[in-house]
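Engineer: Starting off with a structure, shown below.
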Amino acid sequence: VQGTGGSSAVSKCSAAARGYIQDRFLQLLAGRQRRRAPLIHRGYYIRARAIDHCVQDFLLKTQNHPRTQILSLGAGFDSLYFRLKDMGLLHHTVVYEVDFPKVVGQKAALIKRIKDLSALVGDTAGEGLGAITFSGENYKLLGVDLSELSELERTLQEAGLDNEIPTLFIAEVVLTYMQNSRSDALIQWAAERFPQACFLLYEQVHPEDPFGRVMQQHFRQLNSALHSLAQYPDCEAQQRRFLGKGWTECHVMDMNDFFTCCIPEDEQQRVRSLEPFDEYEEWHLKCSHYFVLTASKGMEPSWTPLLPSVTVPRRADPVGAAGSVPAARCAKLSGVPGLRRYGHRSVLIKPHVILITGGFGEEDGQHCRMRNFHVLSKSAGSWRADCVTKKNTDKRSGQRLYHTVSCLSDSLALVVGGRTSPSCAGLGMLWLRFCGTYNASDPADIAVEPVNMQPAAEAVTLRWRHSTTEVTFKGEQYLFVYGGCSALDPVLGDWYFLHTRELSITVIAVDGPVPESRHSHSACSWEGGVLIAGGLGAAEQPLGSVFLLRELQHGFQWQAVDTHPPLIPRYSHTAHVHEGKLLLVGGVWFHTSSVPGITIIDLMTGLCLDYVINVEHLEWPLMLHNHSSVFLPDEQELLVIGGGGNCFSFGTHLNPEPVSLSLSSILTS
């Protein structure tokens with residue numbers, strides 16, 4: 001547990017170095033520097049922003065009181081005091097920090113040794129008196145185990161804590177490491193002993209969904225289990241916890257809500273522009289698994305820092321699942337190298353033969369961008385996997401993520417776009433040529449050939465997280481390339497008609513209401529047109545709209561597809577159309593207590609039904625984002641391939657094997 005504080009300090013320091021956080025003291029206290037990934041930067045930015053937002057609101061609301069105090073529980077190497085003191089916000093406030101004796105001893109030594117820190121604490125006195133490790137004019141460091149409540153109370157009294165003045169308690173990922181009986185007792189003690197008090201809590205929630213299971217496993221491996229999650233698994237349970245322990249007012253929101261509602265739009269935009277970023281799924285999942293809570297009693301005026309500055313409509317949970325779909329292992333594919341990947345593409349190149357390209361995953365015993373192609377083939381009711389040799393390979397042939405693959409004939413497919421890193425300009429197009437009489441028992445080579453594009457067609461390829469869908473217009477075949485990201489634009493709303501025979505851009509008239517720009521959406525061919533569903537919009541908010549690009553005599557027309565109940569906004573899902581029904585598979589959504597399973601939209605009536613995926617026979621978390629899926633209509637079987645991602649600082653999770661979903665019961669109902 002003590003080690004988690006040092007790791008957090010290093011991550012905050014890295015975020016500050018990249019401009020996410022304005023804090024010159026982090027580097028002094030962290031003791032060492034290490035560059036973290038953009039996802040970690042965002043995660044620690046939102047954490048620091050939430051704490052600062054609430055602390056500064058407390059100081060503002062109590063500025064007319066002659067004296068106030070802040071008690072930071074499990075403060076570690078946090079720089080809060082030095083930052084507030086440097087900003088001139090502690091005129092009449094004393095800050096008490098409590099942590100294990102070893103931690104506060106190390107911090108006290110740092111403060112004494114570094115002039116920029118010692119200059120801000122003033123004269124020191126009373127050091128070495130019991131657990132009082134460091135005592136400045138308005139800054140006290142106390143070495144106490146928080147689970148020993150009587151010892152904590154005695155030490156605080158010795159250090160001068162005043163029960164009768166406004167007091168802010170801060171617990172930033174601290175109480176969850178304690179046994180619930182002890183953390184509950186501390187929460188209740190704070191409410192009973194302090195007539196004017198506020199409590200600020202930042203912790204984890206949702207332990208049982210796939211991301212939550214990976215998160216829990218990470219902390220168990222660190223020997224720092226998250227005890228609070230079993231009894232308080234969601235925001236509502238935490239709110240009831242505080243109201244039941246003597247606090248009279250309590251507000252709570254997850255970090256997706258906090259980012260949207262409590263951070264001004266210009267600041268959101270500043271954060272998005274700091275460095276190339278393309279881990280949206282893991283960012284939103286991390287934010288949905290952490291919350292900030294504020295509780296208060298006896299405060300006049302009331303302390304409500306989590307009242308949003310903007311109103312964002314809250315999306316409802318699914319109106320009850322319409323049923324469930326069993327997930328079955330593809331046992332013969334277990335442990336096959338190359339199937340553990342995400343950001344890849346899978347395409348049916350002939351009945352029961354699936355080509356898998358690109359993505360990030362495991363290859364040659366390490367995590368990397370995938371170089372090899374793989375083929376899945378089904379025979380006698382079971383699947384087998386083969387690694388396919390690529391001929392005429394150039395450096396762009398395989399190592400790409402978030403591209404598209406369109407099968408144009410029984411021997412030809414076209415790869416469009418994709419990326420290596422989020423800062424790349426684009427990877428062009430590739431022809432994939434394979435034998436039309438492909439024999440699953442003896443996989444043939446696949447020839448990979450760069451496409452010599454016309455200059456006007458280059459804009460089509462400089463993107464990723466887009467869609468490429470076959471359409472027909474006046475008897476000619478086109479690929480409709482829509483949306484996505486680029487190195488210059490975080491979200492695109494343009495489209496192109498790419499003539500499949502000439503690979504040239506054709507201008508075709510499109511009327512109707514233009515859909516909002518998006519990426520990570522789904523797109524399916526239907527009745528000569530295209531169905532677009534969901535996606536992530538310009539404000540990094542999931543979209544719940546469905547559009548049909550319908551063929552007309554003079555061109556195409558955008559038409560909104562109304563669904564009832566409304567489709568829950570989502571992105572990073574896959575989609576298929578079967579007999580007038582749109583099937584959406586997995587994805588990432590906000591504001592719900594469940595994870596996306598299968599959603600079926602009747603395209604005639606607009607009826608929208610959600611089905612959960614029953615994973616009781618899977619021994620591992622099934623992450624349904626960044627995956628691919630192939631629908632086999634004859635068997636009414638859906639094969640989910642790959643999926644997962646970098647789960648914040650908890651490690652990379654890759655679904656270990658494909659999963660088969662039998663849809664016969666829900667497609668016929």
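Engineer: Quick one: work out Rg over Rh on the C-alpha atoms of the chain, Rh as Kirkwood radius.
Structural biologist: Ratio of gyration radius to Kirkwood radius for the chain: 1.03.
Engineer: Follow-up. Near the amide H of residue 78, under 5 Å away, which other amide H atoms are found, from residues 5 or more places off or on another chain, if H is placed in the peptide plane?
Structural biologist: Residues meeting the amide H criterion: none.
Engineer: What residues have an amide H closer than 5 Å to that of residue 95, excluding those fewer than 5 places away on the same chain, when H is modeled at 1.01 Å from N in the peptide plane?
Structural biologist: Amide H to amide H, under 5 Å and 5 or more residues apart or across chains, residue 95 pairs with 70, 139, 140.
Engineer: Taking the Cβ of residue 664 as the centre, find all other residues whose Cβ is under 12 Å away and add up their charges (Lys, Arg: +1; Asp, Glu: -1).
Structural biologist: -3
Engineer: In the chain, which longest range has no GluC sites (Glu not before Pro) that are both DSSP loop (not H, G, I, E or B) and surrounded by at most 10 other Cβ atoms within 10 Å?
Structural biologist: The segment 165-578 is the longest one with no such site.
Engineer: So what is the relative contact order of region 544-637, in percent, for Cα pairs below 8 Å that sit 6 or more residues apart?
Structural biologist: This gives 22 percent for region 544-637.
Engineer: Taking only DSSP H segments of four or more residues, each worth -39500 (n - 2.57), what value at 222 nm results for the chain once the sum is divided by all its residues, to the nearest 500 deg cm²/dmol?
Structural biologist: Helix-only estimate at 222 nm: -6500 deg cm²/dmol.
Engineer: Add +1 for every Lys or Arg and -1 for every Asp or Glu among the other residues with Cβ under 9 Å from the Cβ of residue 250, and state the total.
Structural biologist: My count for the surroundings of residue 250 gives +1.
Engineer: Hey, another quick one. From the backbone phi of region 537-547, what are the Karplus-calculated ³J(HN,Hα) couplings (6.51 cos²θ - 1.76 cosθ + 1.60, θ = phi - 60°) in whole Hz, Gly and Pro given as x?
Structural biologist: After applying 6.51 cos²θ - 1.76 cosθ + 1.60, I find x, 5, 8, 6, 10, x, 10, x, 8, 10, 10 Hz.
Engineer: Given labels modelled 7 Å from the Cα in the Cβ direction, how far is it in nm from residue 185 to residue 272?
Structural biologist: Here the answer is 4.8 nm between the modelled labels.
Engineer: Moving on. From the backbone phi of region 474-488, what are the Karplus-calculated ³J(HN,Hα) couplings (6.51 cos²θ - 1.76 cosθ + 1.60, θ = phi - 60°) in whole Hz, Gly and Pro given as x?
Structural biologist: Going residue by residue, I get 6, x, 9, 9, 9, 9, 8, 9, 9, x, x, 10, 9, 5, 9 Hz, with x marking Gly and Pro.
Engineer: Answer rounded, prolate or oblate for region 323-668, using the Cα gyration tensor with square roots of eigenvalues a ≥ b ≥ c: rounded when a/c is under 1.5, else prolate when a/b is larger than b/c, else oblate.
Structural biologist: Judged from the Cα gyration tensor, region 323-668 comes out rounded (a/c under 1.5).
Engineer: Okay, next question. I'd like to check one number: the per residue accessible area of the chain, probe 1.4 Å, reported in Å² as a whole number.
Structural biologist: 39
Engineer: Percent relative contact order of the chain, based on C-alpha pairs within less than 8 angstrom and at least six residues apart?
Structural biologist: 10
Engineer: How many angstrom separate the Cα center of region 22-66 from the Cα center of region 546-619?
Structural biologist: 40
Engineer: Let me ask you something else. For region 323-668, what relative contact order do you get, as a whole percent, if you take Cα pairs closer than 8 Å and at least 6 residues apart?
Structural biologist: With pairs under 8 Å counted, the relative contact order is 16 percent.
Engineer: First compute the accessible area of the chain with a 1.4 Å probe, then give the percent of it belonging to carbon and sulfur atoms.
Structural biologist: Accessible surface attributable to carbon and sulfur in the chain totals 49 percent.
Engineer: Per residue of region 343-354, what does 6.51 cos²θ - 1.76 cosθ + 1.60 with θ = phi - 60° give for ³J(HN,Hα)? Whole Hz please, x for Gly and Pro, Karplus curve as stated.
Structural biologist: For region 343-354, the Karplus-derived couplings read x, 9, 9, 10, 9, 7, 9, 6, x, 6, 10, 10 Hz, x marking Gly and Pro.
The values are calculated or read from the model by the stated rules, or taken from the named source; none is laboratory data. Bear in mind that the values here come from a model prediction, so they are computed numbers and not experimental data. Using ideal geometry, Cβ is built from the backbone for each residue, glycine included, and neighbour counts are taken over all protein chains shown. Surface areas here come from the heavy atoms of the whole protein model, side chains and all, with no ligands, DNA or RNA. Shrake-Rupley method; radii C 1.70, N 1.55, O 1.52, S 1.80 Å.
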